[in-house]
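These notes concern the structure reproduced below.
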Amino acid sequence: MSNTKLYVAIYVLLFVLATAQVLVEFAGLDYWVAMGAILALSFVKALFVAGYYQHLRYEPRTLSYLMATGLLAALALTIAASYSIT
């Protein structure tokens, strides 16, 4: 598969996932179920964007681990900040 075809396929997949997020919003699901579904879809989209459009898939694993460490640190700070708000 050429690079152009790969990027177009990933773009279509991201478009489908974004459409699924909108459909989840209008599906009338329970709040926490809808939030979990939207977060899961967002996580999958972020993995595809980071992996292919930011080329982490083709970088050394140490760089991927460094990015994951930064992501976990940002998540920990966000959770800590949410406790101080309430």
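The values are calculated or read from the model by the stated rules, or taken from the named source; none is laboratory data. Quick caveat, the model's predicted, so the values are computed rather than measured. Cβ coordinates were reconstructed from backbone atoms using ideal geometry, including for glycine residues, and neighbour counts include every protein chain displayed.
For the range 8-30, a tally of residues being modelled with pLDDT under 90 and either under 18 Å from PHE43 (Cα atoms) or touching a Phe, Trp or Tyr at 6+ places or on another chain (Cβ under 7 Å) (or both) returns 1.
When the range 20-57 is limited to residues that are surrounded by 14 or more Cβ atoms within 10 Å (Cβ to Cβ) and of a type outside the set (A, V, I, L, M, F, W, C), the one that is farthest from THR4 (Cα to Cα) turns out to be GLN21. Here's a check for you: in the range 7-57, which residue that is closer than 23 Å to ALA68 by Cβ and hydroxyl-bearing (Ser, Thr, Tyr) is nearest to the chain's Cα centre (by Cα)? Per the criteria, the residue is SER42. Evaluation of VAL44 against the conditions (1) out of contact with any Leu (no Cβ under 7 Å at 6 or more places or on another chain); (2) in a helix (DSSP H, G or I); (3) free of Cβ contacts under 8 Å to residues at least 40 places away in the same chain shows that the sole unmet condition is (1). Among the residues of this structure, SER84 does not count as one that is among the hydroxyl-bearing types (Ser, Thr, Tyr), surrounded by 12 or more Cβ atoms within 10 Å (Cβ to Cβ) and part of a helix (DSSP H, G or I). Specify which of the listed residues (GLY36, GLY51, GLY70) is touching a Lys or Arg at 6+ places or on another chain (Cβ under 6 Å) and part of a helix (DSSP H, G or I). When all the criteria are applied, what remains is GLY51.
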